[in-house]
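The values are calculated or read from the model by the stated rules, or taken from the named source; none is laboratory data. All of these numbers come straight from a predicted model, not from anything done at the bench. So basically every Cβ, Gly included, is an ideal-geometry build from the backbone, and we count neighbours across all protein chains shown.
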């Protein structure tokens, strides 16, 4: 299996990149998110890859980071979701939003992706929900906040669920604490503000 390709970016299009790895040219199918992060032509490039072998072809899918690759590999385990549909899903939703939608069972959000109908969205939720930690998904969604700490956010949500709050209620309370300006890296402050939130 080809786990990654490192070389020089020979050419790129929104859906395909060609990497020259010591004189061997690899054609790699990519997401739009990966395309946006590719360097200029002629620059060094590394893509994490998923190598799919079929009777009549070898397909190489490339991703800018391991999270995107892992999510792609998770998607293709779902009945009826092949690699091209998985790419379309990743093009329609950022990894953090996708994982959160699956964890929350948000079929409407998933079916808003071009090429994903309601039945496919429901299958994604049914088959993958247990494989995605909802607290991790929530923390990943908001870790882009300045000074945020995904561990603190995750721990606060988990503490609230252990106190008896449903996950969705706990998530909303933590979001309310963040909206009120609580330090996103301070678990104790987040928990106090979240418990006070209505």
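Figures for the structure shown
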item	result
Filter pass, residue 45 being surrounded by 18 or more Cβ atoms within 10 Å (Cβ to Cβ), under 24 Å from residue 116 (Cα atoms), more than 15 Å from the chain's Cα centre (by Cα) and not assigned by TED's automatic domain parsing to the domain that holds residue 122	no
Any hit, the range 15-23, residues being assigned to a loop (DSSP other than H, G, I, E, B), in the same structural domain as residue 111 (by TED's automatic domain parsing), within 30 Å of residue 127 (Cα to Cα) and modelled with pLDDT of 90 or more	no
Among (1) closer than 16 Å to residue 90 by Cα; (2) not assigned by TED's automatic domain parsing to the domain that holds residue 90 - the single one residue 59 does not satisfy	(1)
Inter-residue pairs, beta-carbon under 8 Å, first farther than 14 Å from residue 157 by Cβ and in the range 175-186, second modelled with pLDDT of 85 or more and not in a loop (DSSP other than H, G, I, E, B), 6+ apart	180/193; 183/189; 183/190
Residue check for residue 9: touching a residue at least 40 places away in the same chain (Cβ under 8 Å) and on the phi < 0 side of the Ramachandran plot	no
Residue within the range 83-95 that is under 25 Å from residue 3 (Cβ atoms), at pLDDT 90 or above, not in a helix (DSSP H, G or I) and not assigned by TED's automatic domain parsing to the domain that holds residue 31 present	no
Hits in the range 98-113 - residues which are crowded, with 16+ Cβ neighbours inside 10 Å and either in contact (Cβ under 8 Å) with a residue 60 or more places away in the chain or in a helix (DSSP H, G or I) (or both)	98, 99, 100, 101, 102, 103, 104, 107, 109, 110, 111
Residues within the range 61-70 that are assigned to a helix (DSSP H, G or I) and under 22 Å from residue 13 (Cβ atoms), tallied	2
Of residues in the range 114-131 being surrounded by fewer than 18 Cβ atoms within 10 Å (Cβ to Cβ) and assigned to a loop (DSSP other than H, G, I, E, B), the one modelled with the lowest pLDDT	115
Residue check for residue 86: touching a helix residue (DSSP H, G or I) at 6+ places or on another chain (Cβ under 7 Å), crowded, with 20+ Cβ neighbours inside 10 Å and farther than 17 Å from residue 29 by Cα	no
Scan of the range 24-50 for residues that are in contact (Cβ under 8 Å) with a residue 60 or more places away in the chain and either touching a strand residue (DSSP E or B) at 6+ places or on another chain (Cβ under 8 Å) or assigned to a loop (DSSP other than H, G, I, E, B) (or both), ordered by number	31
